[in-house]
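First up is the structure itself, then whatever we jot down about it.
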Amino acid sequence: MNLKQKSRLYSPWVFHAHCGGCNNCDIEVAAVLAPRFDIERIGAQLKNNPRHADIILVTGPVPKHSAPFLKRVYDQTPKPKVVMAVGGCAVDCGPYQRDDGKGNYALAGATDKMIPVDVYVPGCPPKPESILHGVVLAVSKLAEKD
Amino acid sequence: MGGKTKLLEEVTQNLTKCVTIDYPGGTWPGKKFSYIVPNGRGKHEFDKEKCIGCQACRNVCPNYTISILDKNEERTVSVFLGRCTFCGRCMFDCPEDAIKLTPQYEFASTSRDDLYINNVVERSKCKNCGEYLFPDKQLKRARERILAEIDERVRKVFEEDTKIYLDYCSDCRKKIGYTMNTLTRKYY
């Protein structure tokens, strides 16, 4: 492991892509950043620019309106990159879509229909601890891709 | 006065001691996984001996999380964690207490297939046409429950009748019902 890889794994920077939904997952993500569940103990930090990020954290069922932006964000992040789908909406559109195959007129589908997803974090909303666990999994995935 | 002193105490405590919680949380003596709250709702767990495959959890689920697949001999009850809101209604409404929500919270995974929790129940076969019917356990359990509530005068006859009836599907019962010699019997 050279210095570049080591520095990447010990400080993975996270970009939070909010794609619709009820904002509950975003509140949990905010709780993860706060001192009680302190995500900075594993070196992760929230960044507002996808060009600086290693991990893209997607929340919400992706509406048709924000699908192209999500694709653009994915293209903008440098390799190696890892995508996390946080919450029931990002994994399978959750309560916004029935399971009968008809779909919702406003939604473009789950996150893994737009971009390849590496880590799934289910829950509605996921507990802050399970988001922490997901970030740890994502870091191990980064180490594989490096 | 009391409130203000309490607040001051809490502020001093927060300044002196570490606020950040340990990760992962506590562990049970016998169990592998860690928990945050002992009775918290997390990953599902099936009791494979108790589950009769009656679909009560599927009918009660508000989020279409639980689906049921019938394939020849097997009926699979599968829970997809990705859709679940962990409301616990399947746990409360299960007639056999077979499904439970454990306080396990670490179920993030790298593949979508790991998010399914399956339970397989065997189905019984119709003696006449060979079509597969409800699960064996469900028929047995339904018979027991009816026998417990039915009137005493009818119970014995009903018990003998169900032994013959339950092996056939509803269509075959109509076709060959007259050969069973149960319809003309006096009940009391």
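The values are calculated or read from the model by the stated rules, or taken from the named source; none is laboratory data. Remember, predicted model here, so these are calculated numbers, not experimental data. Every residue, glycine among them, receives a Cβ derived from its backbone with ideal geometry; neighbour counts consider all protein chains shown. These accessible areas exclude ligands, DNA and RNA; they are computed on the full protein's heavy atoms, side chains included. Shrake-Rupley method; radii C 1.70, N 1.55, O 1.52, S 1.80 Å.
Local charge for residue B:126 was computed over the other residues whose Cβ lies under 9 Å away, with Lys and Arg +1 and Asp and Glu -1, and equals -1. Keeping the other protein chains in place, figure out the carbon and sulfur percent of the accessible area of chain A, with a 1.4 Å probe. Summing carbon and sulfur atoms, their accessible area is 53 percent of the total for chain A.
If one computes P(r) from the Cα atoms of chain A, what percent of pairs lie at distances over 25 Å? Walk me through the numbers before you get to the answer.
Working: 2490 of 10585 pairs.
I get 24 percent for the Cα pairs in chain A exceeding 25 Å.
Values of log10 I(q)/I(0) for segment B:77-125 across q = 0.14, 0.22 Å⁻¹ run -0.44, -0.96, by the Debye formula with one identical scatterer at each alpha carbon and no solvent. One equal scatterer on each Cα of chain B, no solvent, Debye formula: the resulting log10 I(q)/I(0) at q = 0.19 Å⁻¹ is -1.27. Applying a 4.7 Å Cβ-Cβ cutoff to chain B, the cysteines left without a disulfide-compatible partner are B:18, B:51, B:54, B:61, B:84, B:87, B:94, B:129, B:172. Charged neighbours of residue B:2, selected by a Cβ distance under 15 Å, balance to 0 (K, R count +1; D, E count -1). In the calculated pair distance distribution of segment B:57-152, what percentage of Cα-Cα distances lie above 17 Å? Tail of P(r) above 17 Å: 62 percent of Cα pairs. Kindly work out what percent of the DSSP beta bridges joining two residues of the protein assembly as shown are antiparallel, to the nearest 5. Once the DSSP bridges in the protein assembly as shown are tallied, antiparallel ones form about 60 percent. The largest-to-smallest principal axis extents of the Cα set in the protein assembly as shown are 86, 57, 39 Å. Relative to the longest principal axis of the Cα atoms of chain B, the long axis of helix B:152-165 lies at roughly 80 degrees. Restricting the trypsin sites (Lys or Arg not before Pro) of segment A:83-146 to loop positions (DSSP other than H, G, I, E, B) with no more than 16 neighbouring Cβ atoms within 10 Å leaves A:98, A:102.
Inter-chain Cβ neighbour count for B:15-24, averaged per residue, equals 3 (cutoff 10 Å, partner chain atoms only).
Could you work out the local net charge near residue A:50, counting Lys and Arg as +1, Asp and Glu as -1, over the other residues with Cβ closer than 14 Å to its Cβ? It works out to a net charge of +4. 3J(HN,Hα) along segment A:123-135, derived from phi through the Karplus expression 6.51 cos²θ - 1.76 cosθ + 1.60 where θ = phi - 60°, amounts to x, 9, x, x, 5, x, 5, 6, 5, 4, 4, x, 5 Hz, with x in place of Gly and Pro.
Dividing the mean sequence gap of close Cα pairs (under 8 Å, 6+ apart) by how many residues segment A:18-146 holds gives a relative contact order of 29 percent. Listed by chain and number, the aspartates and glutamates whose alpha-carbon sits under 15 Å from that of residue B:100, ignoring those within fewer than 8 places in the same chain, are B:45, B:47, B:49.
A viscosity of 1.002 mPa s and a temperature of 20 °C, combined with the Kirkwood radius over Cα pairs in Stokes-Einstein, give a translational diffusion coefficient for segment A:8-65 of 177 µm²/s.
Per-residue SASA remark: residue A:27, around 110 Å² accessible (1.4 Å probe; ligands, DNA and RNA not included). Listed by chain and number, the lysines whose C-alpha is less than 29 Å from the C-alpha of residue A:81, apart from same-chain residues fewer than 8 away, are A:4, A:6, A:47, A:64, A:71, A:113, A:127, A:141, A:145, B:43. The long axis of helix A:67-76 is offset from the longest Cα principal axis of chain A by roughly 20 degrees.
Ligands, DNA and RNA are left out, and with a 1.4 angstrom probe the accessible area of chain A is 48 Å² per residue. Solvent-accessible area of residue B:41, all protein chains in place: 100 Å² (probe radius 1.4 Å, heavy atoms, ligands and nucleic acids excluded). In straight-distance terms, cross-link reach from residue B:17 covers every one of the lysines whose alpha-carbon lies under 22 Å from its own, apart from those fewer than eight places away in the same chain; here that gives B:4, B:6. Evaluated at q = 0.25 Å⁻¹, the base-10 log of the normalised Debye intensity for segment B:1-97, with identical point scatterers placed on the Cα atoms, takes the values -1.32. Note the buried accessible area between B and A here, summed over both chains, with a 1.4 Å probe, in Å² to the nearest 100. Interface between B and A: roughly 2400 Å².
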